[in-house]
Structure formats: C-alpha cells, structure tokens
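Visitor: Let me give you the structure first, and then I'll get to my questions.
Every number here is computed from the coordinates shown, using simple stated rules; none is lab data. As the structure is a prediction and not an experimental result, all values here were calculated from the model. Here Cβ is always computed from backbone atoms with ideal geometry, including for glycine, and neighbour counts include all displayed protein chains.
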Amino acid sequence: MAILKLVETTQEIIGLKQLQTNNLRRLIGEEEAMKEGFVTSEYELSLLQKMHAIHPSIIVKEEDEVVGYTIVTNKAVYGEHPEVDHLLNTLNKTMYKGVLLNEVPYILVGQVCVAKSHRGQGWVPAMYDYYQQLHAKEYTYLVTDISQSNKRSIKMHQKIGFETIGVIEQVGTGWDIVLWDWNA
C-alpha cells in the first residue's frame, strides 16, 4: 500500500531523483510525454538535499520505492539552478491582486511527478493538500510554472485551484506561471 509522507532519508531523495530521471521529457520520447506528462528540469542530488534541508519534499512511497513526489522549495535556493532562478526573477516582477509577489510570502513547487503505475489514483491532489496543510500558515501562495505543452499537468493544476497569472519563456518554450491562493 502506498503512503504519503515527507522525505526523511537520503535513500528517499535518491528514489525521488530516480523517478525524476525516469520521467524526463528528453528521455521518454515525445509521444509518451504528450500522453503521460513529463518533467523537464533536472536537479543535482546536492541541490535536492539543500531543498529538503529547508523544507522536506512530499513523497508517495510504495514499500521502499518512491512513486510520487512534490519538490518543495523557496527563495532560499536562489543561485542554485538557472530555471528556478529565472522563475524567481520573473515572480519578483509579477503583480497579483495589485501587489508584487516579491512583497508576499510564497512557496514554490520545484516539480511534481507520479510514477506511471500510480497515476490516476489521486496522488497529486493529495500531495498538494498535504503541502497546504504544512505551509499555509507561513506562505500566502503556492507558485510554479508548467510547460504549455504538458496539457495533463495544466489540467490537474487547474482542478486543484491554481490559476494562470503569467507566461515565461524557458528551456526554449512557453511556460504558464500558475498560482494557488491559499486565502481564496
């Protein structure tokens, strides 16, 4: 039986990294990516460890295997990953409800992924509900960006309550900047 939990061990971070690698768009092929969804960014193990030291990520485990994850991160990792930096730079100049996001406490989704074997079982909404329970007292918004070609991910985020607040050019394509207002 799969369980939802916070990352606690180096082995779990390694499992998260393996699931990330298994779902990289550049490795799974375009047909699979369009049908199943994909991840684009790769994070070095050292950066994942730094992120988890700040805010442990949320994972889904089936016995010893990580079968889902949501990477939790914030502004403290600025300077560590070019795509995260680009998003943070854009967010710092983005207005939402008449206020610059830079003036409001927000937290980022570094990436979300569920193994093919566990898709369609409600794990993404469950991870986001847990995310909100853990961080809504400290942060006002949850923000991420999604490749515009990842229709599966865009639909899932809309169902959860994210709204598109902008577009960013990244990794040679357009990405929707999406925000979940925890006070709405």
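Visitor: Modelled label-to-label distance, residue 136 and residue 21, 7 Å Cα→beta-carbon offset: nm?
Guide: Modelled inter-label distance: 3.7 nm.
Visitor: I would also like to ask the following. Using only alpha carbon pairs under 8 Å that are at least six residues apart, calculate the relative contact order of the range 2-181 and give it in whole percent.
Guide: Computed over the range 2-181, the figure is 20 percent.
Visitor: Taking all pairs of different Cα atoms in the range 91-158, averaging 1/r and flipping that mean, what Kirkwood radius in angstroms comes out?
Guide: Taking the inverse mean of 1/r over all distinct Cα pairs, the range 91-158 comes out at 13.6 Å.
Visitor: Quickly rank 8-14, 174-180 as a protection proxy: mean count of other C-beta atoms within 10 Å, highest first.
Guide: For the peptides 8-14, 174-180, the packing ranking is 174-180, 8-14.
Visitor: Per 0.36 nm of contour for each residue apart, how much would the distance between residue 181 and residue 155 grow if the chain were fully extended, relative to their Cα-Cα spacing?
Guide: Result: 7.7 nm gained on full extension.
Visitor: Something else now. With 12 Å as the cut-off, how large is the P(r) tail for the range 124-184, expressed as percent of Cα-Cα pairs?
Guide: 67
Visitor: Determine the sum of side-chain charges near residue 161: Lys and Arg each +1, Asp and Glu each -1, restricted to other residues whose C-beta is under 13 angstrom from that of residue 161. Working shown, then result.
Guide: On the way: positive: 155, 159; negative: 129, 163, 181.
Once all neighbours under 13 Å are counted, the net charge is -1.
Visitor: Search the structure for amide H atoms under 5 Å from the amide H of residue 166, placed 1.01 Å from N in the peptide plane, and list their residues when 5 or more places away or on another chain.
Guide: Those qualifying (amide H under 5 Å, at least 5 residues apart or on another chain) are 177.
Visitor: Let me ask another. Quick one: what Rg and Dmax do you get for the chain from the alpha carbons, in Å?
Guide: Cα-based Rg and Dmax for the chain come out at 15.3, 46 Å.
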